[in-house]
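Here's the structure, in structure tokens; my notes come after.
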Amino acid sequence: MSDDPFETIKVTFFQECSELLGDLEANLLALETGDGDIETINAVFRAVHSVKGGAGAFGLEDLVRFAHVFETLMDELRSGRKDCDDVTIKTLLRASDVLADHIAAAQGTGAPVDAARSAGLVAELEVLTHGQAASVAPAPVVAADEDDFGFTPLTLDLADFGAPAGLPSLDLPPLGLPSLETASAAVATAGWRIVFRPHPRLYASANDVSLLLRELARLGPTSVELDDSGLPSLDALDAEDAHLIWTIELSGDVAEAAVRDVFDFVEMDCDLSITALGGAQPAVEASLPPLPVLDARPAEPEIDIAALLAKAAAPVEAPAPAPVVAAPAPVAPAAPPPAPAPVAPVAAAPKPVAPAAPAPTLAATPSAPAAVAPVTIRVDLDRVDRLINVVGELVIQQAMLAQRVMESGLARSSDIALGLEDLELLTRDIQDSVMAIRAQPVKSVFQRMPRLVREVADMTGKRVRLVTSGEDTEVDKTVVERLAEPITHMLRNAIDHGLENAEEREAAGKPAEGTVRLAALHRSGRIVIEIADDGKGINRPRVRGIAVARGLIAEDAVLTDDEVDNLIFLPGFSTAETVTDVSGRGVGMDVVKRSIQALGGRISISSVPGKGSTFTLSLPLTLAVLDGMVVSAADQTLVAPLSAIVESLTPRVEDIHYVGGHDAVIRFREEFVPLVDVGRVMGFRDDATPLAGGVVMIVETEAGSRAALLVDAINGQRQVVIKSLETHYRHVDGVSAATILGDGSVALILDIDALVIAGRRKSNRPELKMAS
């Protein structure tokens, strides 16, 4: 990252833009499905408003200009001046895409924005906003060196007040007050009544009310009234709360947009009411009150114009002019002053304005404490990864130390053994806390899919409805980031190949609109993603025929329905007859399968002809650590995930039975479950494992079925660090990953579901023996 503070802030801005774009699309989709309300519209407005504000600070004029038009339409929607109909929502969705393109182009991570597309969408937004395409001036981008208040110096020619002829005119410092001509002209024109109540977070963001009031004074004559009736007693005063309300009457022909621009960056941090004034305006004397004192800072020194005039008139023999005081409060002169000069009404203290009741919507009562937003920090992901790696090494070292102490023969009640137990607990707490940092809900992936479904449905001419559930299911950030591609591919596949068109569905007695369901849930210590459709299901004869024609299977191969369904995962398999923008490129579900396997997961399919298909992705919750049971089989040390183990027991010969004379099952709680000889299925031994001295672990698969794993012995429970086997070697059936044990040796982590499936395919003939 650059050492330039400006560039650092800019990077943070683009990170925030990424989050804002996610919120923007999620809320627009809520509006599209009819789940939105006025708060949803306000959330969209705030997202675009925040992007525009940040872009203005960095001088990104193209982005500011587009966001300004977008924001203007949202302002019409939230004010109720325009209805939020389907056409508007669809236009806003396309506008959010172009806004994302502008952000990517400004960041340098995307191609230049298509000017024609952007201009066309601007025209559509303007038509929706104004009823016709208007020429909207670019939103102003304020330069960093521009005067904060924009004060214009005021020149007074003292010759008009009877000063000596040779006396030069005097340029006074900027006072920020409108001229007499402007004030006089404003008397007969319309204006605005602004009721402004800040929230505590406005002050927490280092904003200053006095600056806002001075900006309003630039627009025209203002009458400011402070309501402090909400101030509590001193002993109950909270210095971080907000209790004051300002009522400002702004005279003159000023556009409402100009008034709102003053509150542009604080509108979300205050209660603001802007209403048009009716009838006569206040007198000039009452239109220029002093600004209220907002803090305890010392007042600026008053300007002694008399001294300045005396100095300027030193070469000329002339009487001293009348003293003029610029501050509102009169200053007692040292000598009786001469007759007042005509400018006195401007310099004199304004008449007090009688307090007026605040607007009904902003009652002058102490506001309830605002909900405290959670404090977050942005941390480079590489730093978190390094922290997780260090914690993993800490877990390994703790296991090694514990094993060395155990081998030394120290009693479990010794001080060293007790200290190691405390160390183990602390290590686990550290590991859990670090993993919680990386945990993210799958919502960030799910919220991208409604747009994809809509676009694919338009391309295929089908009517599709997407139903999602489990968006808040949390999983490791690495898993979340790599989920988007396989889910995208399967959703496109479900719409293109799974769902029928409207005519075919109606002919089959189904609703014309197809349904695709995307769900996430936790099961057996893993995350399960399901993509289901209510389409026509898998046409097994056609799938088998394509596989034979492409040489993927032999023509006389005998396959079960599940095996036929899984043919779609073979490389190069595709049922598309033509190449389209949706599918048919020969790169199919095998890519999805490899992506899932690279994450230590697996994919399965179930289909019912005429009813639909369901794809199930099973993935580990984390790629870092695992609670496991260390077992041995044929002199090999293995780790079984603890979350999948239901119970362990010593098998009895009378509980072993065979189905068809060769498939072993074991009786467990009045039911029979398949028995899998781990050492034999993994290829560690050719002979069956002896039952004498063996141990059976009852495990539960992700589908909810149970099986029994036969191993030689259980060595204990450990928290192990997961090391990817595919990264350092290759994918191995029945193995999900590897780990390093306390003695420094490598142990394989079993993939329970894959091991059970492999055990069913590999015949376990009746060779289980009792030791003699």
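No value in this document is a laboratory result; all are computed from the given coordinates. As the structure is a prediction and not an experimental result, all values here were calculated from the model. Here the Cβ positions follow ideal geometry from the backbone for every residue, glycine too, while neighbour counts run over all protein chains shown.
Taking amide H as placed 1.01 Å from N in the peptide plane, Val735 has its amide H under 5 Å from the amide H of Asp751, each at least 5 places away in sequence or on another chain. Phi angles across the range 738-743 convert, under the Karplus curve 6.51 cos²θ - 1.76 cosθ + 1.60 with θ = phi - 60°, into 3J(HN,Hα) values of 9, 8, 10, 8, x, 8 Hz, Gly and Pro given as x.
Straight-line cross-link partners of Lys536 among the aspartates and glutamates, defined as a Cα under 18 Å from its Cα and at least 8 positions apart when in the same chain: Asp496, Glu500, Glu503, Glu504, Glu506, Glu513, Asp561, Asp562, Asp565, Glu577.
Computed from label points 7 Å out along Cα-Cβ, the spacing between Ala257 and Thr637 is 7.3 nm.
Determine, from the Cβ-Cβ distance of Asp382 and Asp590 and an R0 of 30 Å, the FRET efficiency 1/(1 + (r/R0)^6), rounded to the nearest 0.05. Once the sixth-power term is evaluated, E becomes 0.40.
For the range 495-536, the calculated P(r), taken from all Cα-Cα distances in 5 Å bins from zero up to the bin holding the longest distance, is 6, 23, 23, 16, 10, 11, 8, 5, 1 percent. Each label was represented as a point 7 Å from its Cα along the Cα-to-Cβ direction; for His522 and His731 these points are 2.7 nm apart. Close amide-amide hydrogen proximity is noted between Thr515 and Arg465, Asp534, each under 5 Å apart and 5 or more residues distant or on a separate chain (H modeled in the peptide plane; Pro and chain starts excluded).
Normalised by 2.2 N^0.38 Å, where N is the number of residues, the alpha-carbon radius of gyration of the range 5-148 equals 1.03.
Residues whose amide H falls under 5 Å from that of Ala664, counting only those 5 or more places apart or on a different chain, are Val659, Leu675, Asn764, with hydrogens built in the peptide plane. Computed from backbone phi with θ = phi - 60° and the Karplus coefficients 6.51, -1.76 and 1.60, the 3J(HN,Hα) list for the range 220-233 is x, x, 10, 10, 10, 10, 9, 10, 10, 5, x, 5, x, 5 Hz; x is used for glycine and proline. With both labels modelled 7 Å from their Cα along Cα-to-Cβ, the Ser724 to Ser433 distance reads 2.8 nm.
Note on Asp62/Ala758: beta-carbon distance plugged into 1/(1 + (r/R0)^6) with R0 of 51 Å gives a FRET efficiency of 0.30.
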